[in-house]
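Before any comments, here is the structure.
The values are calculated or read from the model by the stated rules, or taken from the named source; none is laboratory data. Note that the structure is a prediction, hence the values are computed from the model and not measured. Ideal geometry is used to build each Cβ from the backbone, glycine not excepted, and the neighbour counts take in all protein chains shown. Just the protein is used for accessible areas: all its heavy atoms, side chains included, with ligands, DNA and RNA removed. Shrake-Rupley method; radii C 1.70, N 1.55, O 1.52, S 1.80 Å.
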Amino acid sequence: MPTPGNFDPTDSAVTPRYAEIATFMRAARGEIAAPLDIALVGVPLDLGATYRSGARQGPAGVREASRLIRQINPTTGVAPYRLCNIADVGDAPTHPLSVEKSVELVEAFYRRIHAVGAAPISIGGDHTVPLPVLRAIAAERPVGLIQIDSHSDTFDEFMGTRYNHATFVRRAVEEGLLDPKRIIQIGLRGTRYGDDDIVYGDKAGIRMITMDEFETLGRAKVIEEIGKVVGDLPVYISIDIDGLDPKDAPGTGVPEPGGIMMRDAQMILRALTGREVIGGDICEVVPSLDPSGITCINAANLMFELTCLAAVVRGRKKSQA
């Protein structure tokens, strides 16, 4: 394992992409210690999933698929490794039999990342994962949220539990981690159990863009709406891979037909370059449900987009220091 400060990624033009042990996007494997700027993290937790499990294998699957990622963003020109010290810090600890204990363990792990001043970019795990992450990095003040998802995740409880992949947004708002007026959810669709989640979102002031509205507005207008909602203040980005259409991400626990195209997701994220992105995650990747591997490939590419966004912010701050 490299010592802190040695953050050079493996150069795929020198070392073949199929060689060496897989890390996220071929980043250096590193410790949680200064001068780390961006921590790439796996969270192998799927005890909060309510239908098809297997997202605990998401980090491993995405690490393998991310061998494909090179170092420069083709649209924005951002080269994150030139701007920041970036390392794969491994997986957050989880308890294989307790979602509550796992949430505590994950929060403690991310508090260590936050303490050294690094921004976390994560692969889950089910969509319970953002709650302990936000508890660690947003405790000082509520932040905004850009959420790409087919479900709003605003239930008060599900199957008698309050900590699962359908409740993280509601818990985070209640705990003062998210400012509901600065939350925008994109891609909501599919059949619903009832009205509790949508009613809560309306009352709280969350901006919910269904796929029907997405098609009516078009990508450019949706990007404008994101800017209006989140502003220039700190914002976290959470992507449930089921926000993508199942043809782009079949490997997920609750696929919903008629979703966002991968190209739209890429361009939405690239349009956020320069905004105060403090971290992000991609969740609900289940490699075993997708023999083609396209879900992990797309998740890896979205991880790269999130890393580029965080690198621009961190790089700017370093240059101003």
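A few remarks follow.
- Exclusive hit being over 24 Å from Ser53 (Cα atoms), open to solvent by 20 Å² or more (accessible area, probe 1.4 Å) and modelled with pLDDT under 95, set Ile223, Ile198: Ile198
- Subset of the range 176-195 [under 24 Å from Ala220 (Cβ atoms) and either over 19 Å from the mean Cα position of the chain (by Cα) or open to solvent by 30 Å² or more (accessible area, probe 1.4 Å) (or both)]: Lys181, Arg189
- Of residues in the range 88-113 being charged (D, E, K, R) and touching a residue at least 40 places away in the same chain (Cβ under 8 Å), the one nearest to Ala138 (Cα to Cα): Arg112
- Flag not set for Pro120, criterion: within 15 Å of the chain's Cα centre (by Cα), in contact (Cβ under 8 Å) with a residue 60 or more places away in the chain and in a helix (DSSP H, G or I).
- Unmet criterion (only one of (1) surrounded by fewer than 22 Cβ atoms within 10 Å (Cβ to Cβ); (2) without any contact (Cβ under 8 Å) to a residue 60 or more places away in the chain; (3) under 20 Å from Val254 (Cβ atoms)) for Lys203: (3)
- Selected residue (criterion: surrounded by the most Cβ atoms within 10 Å (Cβ to Cβ)) from residues of the range 91-110 that are β-branched (Val, Ile, Thr) and within 13 Å of Leu131 (Cβ to Cβ): Val106
- Residue match in the range 17-31 (condition: in a loop (DSSP other than H, G, I, E, B), within 20 Å of Phe109 (Cα to Cα) and at pLDDT below 95): no
- Tabulated pairs, the range 11-33, first small (Gly, Ala, Ser), second open to solvent by 70 Å² or more (accessible area, probe 1.4 Å), C-beta under 8 angstrom, 6+ apart or interchain: Ser12/Arg70; Ala22/Glu64; Ala28/Asn6; Ala28/Asp8; Gly30/Met1; Gly30/Pro4; Gly30/Asn6; Ala33/Pro4
- Counted residues, the range 118-154 - those being among the aliphatic types (A, V, I, L, M) and either more than 27 Å from Tyr193 (Cβ to Cβ) or open to solvent by 10 Å² or more (accessible area, probe 1.4 Å) (or both): 9
- In the range 207-321, counting only strands (runs of 3 or more DSSP E) that sit wholly within it, the ones holding 1 or more residues that are within 18 Å of His127 (Cβ to Cβ) and more than 17 Å from the chain's Cα centre (by Cα) span 207-210.
- Cβ pairs under 6 Å, 6+ apart, first in the range 40-68 and closer than 13 Å to Ser288 by Cα and among the charged types (D, E, K, R), second at pLDDT 95 or above and outside any helix (DSSP H, G or I): Arg52/Gly253; Arg56/Pro44; Arg56/Asp46
- Where a residue in the range 224-236 is touching a residue at least 60 places away in the same chain (Cβ under 8 Å) and its partner, wherever it lies, is open to solvent by 90 Å² or more (accessible area, probe 1.4 Å), with Cβ under 9 Å and at least six apart: Val229/Lys181
- Subset tally (residues that are touching a Phe, Trp or Tyr at 6+ places or on another chain (Cβ under 8 Å), outside any loop (DSSP other than H, G, I, E, B) and either among the polar types (S, T, N, Q) or open to solvent by 10 Å² or more (accessible area, probe 1.4 Å) (or both)) for the range 74-90: 1
- Screening Ala249 on (1) of a type in the set (Gly, Ala, Ser); (2) open to solvent by 40 Å² or more (accessible area, probe 1.4 Å); (3) without any contact (Cβ under 8 Å) to a residue 60 or more places away in the chain shows it passes everything except condition (2).
- Cβ pairs under 6 Å, 6+ apart, first in the range 164-175 and under 12 Å from Val129 (Cα atoms) and without any contact (Cβ under 8 Å) to a residue 40 or more places away in the chain, second assigned to a loop (DSSP other than H, G, I, E, B) and among the acidic types (Asp, Glu): Val169/Asp153
- Those residues of the range 152-178 which are among the hydrophobic types (A, V, I, L, M, F, W, C) and assigned to a strand (DSSP E or B), in sequence order: Phe158, Leu178
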